[in-house]
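All remarks here apply to the structure that follows.
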Amino acid sequence: MTAQLDTHTRLTSSASTRLATARGWAITSAVLTFVATSRVRTNPHAAYRLLRRIDRAHRSPIGLWVLSGHDDIAAALRHPDLGSDESKADLSLLRPASLLRVAAPVRGGPFRDLVPNLILFRDPPDHTRLRSLVNKAFTPRAVSTLEERVTRLVHERLDQLAPRGHMELLSEFAYPVPALVICELLGAPASDQTVISRHAPPLAARLDPNLFRGAAVSAAADQAVVELTGYLTGLIGERRRHPGPDLLSALIAAQDGGDRLSHDELVTMAILLLIAGHETTANLLGNGILALLRNPDQLERVRQDPSVDHTTVEELLRYDGPIQMVQRVTLDDVEIGTNRIPKGHIVAMCIAGANRDPAVFHQPDRLDVTRTPNPHLAFGAGAHFCVGAPLARMEARIALRALLDRLPDLRLTETKVRWRPSFTIRGLRQLPIEWRN
Ligand code: HEM
């Protein structure tokens, strides 16, 4: 009897070892394929699903931890021992060494000098100080006073486009509208939107942690930083002499117990607002319109009922939001769920995967414009929660309503679409659409 039990235990334990090994291999190949193959990144939801199902807190073979479950990520984003300052990572933990190219602390050159100073990559006490100053300028009231202006900008754009019966949504609407709104925020003339449209994309491309990035991407980002610094220095001087009702004037005036942003901090903050407010909002509109056009019942529901505009924007952020991942470094050994992540590790958090976690969202792969509650993580969580969330929500709501009201029988011109192969931002290369005019 004992011999029988021993045999049974041996068989069971070798079966479970084989199962664990098979799961390990499945995840290892999924992570490697995701990192190395741009085509997989253009349609990442299958990879996120696999990660979530097999290993929600995965120590990958390249030394990165990858979190994909909603509860783990929500907890990790609020954990005081998970920091955003990447220079605190122990890079010797990464394999192969070529990963150093994307993860190494950035030093030297205009872009490399800028990045460590962005609020996104600061930890307390620097982050607390910067955030408190930016919060003083970026108030809900400041955002709500923009609403009328955003509505006017959107409709002026559509006055030009609607009679045509077709457009390429991204270049003709989704990118120009947020660029105009940022000009408005900074108190810059609308004609300066070309400065933003020209320089924000190379900066966003350089921020993407792409292993196969070419030298041209770095050179374009350096050039963008130099030109934007010159442009913003002029604009800040102008706003100091003639303050207006804009956010830049509010940032200049913001005080916290006698503390203010220095000139360099103002330029750095304005550059981040410009990158963060442009690519993200543009791709929320692109991904969102595509999702609605591919789900005609939901499109019809929104078209007929403006009372669901708010829940629609939240659902589009959840279903196919523009930011796929955020990254942290363990400042100490950290317990996440049942896992202990040692100090010094880089932790990639797949917020787009968390947003389709069936443990939190009923039928997560279904677009439901009335979904409530909708605790998505598209704007992050915790100390670095998106400063611009109220603005992005307002812009998206106004733009979607205007597009649906003014472009009857809206449809895709081509059924096949092409996605950009980036890690962080999910966005389309183009979205040609047409309507009855
Ligand atoms: C759909 C649009 C947007 C999405 C999905 C989005 C998403 C995010 C996410 C996920 C973070 C947190 C990053 C992290 O935890 O590491 C973040 C931070 C930030 N966002 Fe947004 N964002 C959007 C629009 C905007 C806009 C319009 C602005 C401003 C004009 C903005 C400004 C910022 C800033 C300054 C931070 C850094 C906050 C900090 O580090 O404390 N974002 N955003």
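Per-structure values
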quantity	calculated
Farthest positive-ward along the chain dipole, Cα basis, beta-carbon charges - from Pro364, Ile236, Pro61	Pro61
Dipole magnitude of segment 93-238 about its Cα centre (Cβ charges: Lys, Arg +1; Asp, Glu -1), debye to nearest 20	600 debye
Which of Gly344, Leu285, Gly321, positive extreme of dipole for the chain (C-beta unit charges)	Gly344
Whole-Hz ³J(HN,Hα) from phi, Karplus 6.51 cos²θ - 1.76 cosθ + 1.60, for segment 353-365, glycine and proline x	x, 4, 6, 10, 7, x, 5, 10, 10, 5, 6, x, 8
Within the chain, helix-based [θ] at 222 nm, where runs of 4 or more DSSP H residues each add -39,500 (n - 2.57), nearest 500	-17000 deg cm²/dmol
Distance from segment 191-236 to segment 103-179 (C-alpha centre basis), Å	14 Å
Highest average packing first - 172-180, 46-54, 412-420, Cβ atoms within 10 Å	172-180, 46-54, 412-420
Globularity ratio of segment 229-355, using Cα Rg and 2.2 N^0.38 Å	1.50
Charge dipole magnitude, Cβ of K and R +1, D and E -1 - segment 192-282, Cα centre, debye nearest 20	140 debye
Size of charge dipole - segment 17-434 - debye, nearest 20, with Cβ of Lys, Arg +1 and Asp, Glu -1, no other charges	1080 debye
Cα shape, segment 162-225, gyration tensor, a/c 1.5 rule	oblate
Cα-based helix-to-principal-axis angle, 140-161 vs the chain, degrees rounded to 10	80 degrees
Rg in Å to one decimal, and Dmax rounded to a whole Å, for the chain via C-alpha atoms	23.1, 92
Cβ-based charge dipole, the chain, positive-most Cα from Pro116, Thr128, Ser29	Ser29
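No value in this document is a laboratory result; all are computed from the given coordinates. Keep in mind the model is a prediction, meaning the values are calculated, not measured. Methodologically, a virtual Cβ is constructed for each residue, glycine included, from the backbone with ideal geometry; neighbour enumeration extends over all protein chains shown.
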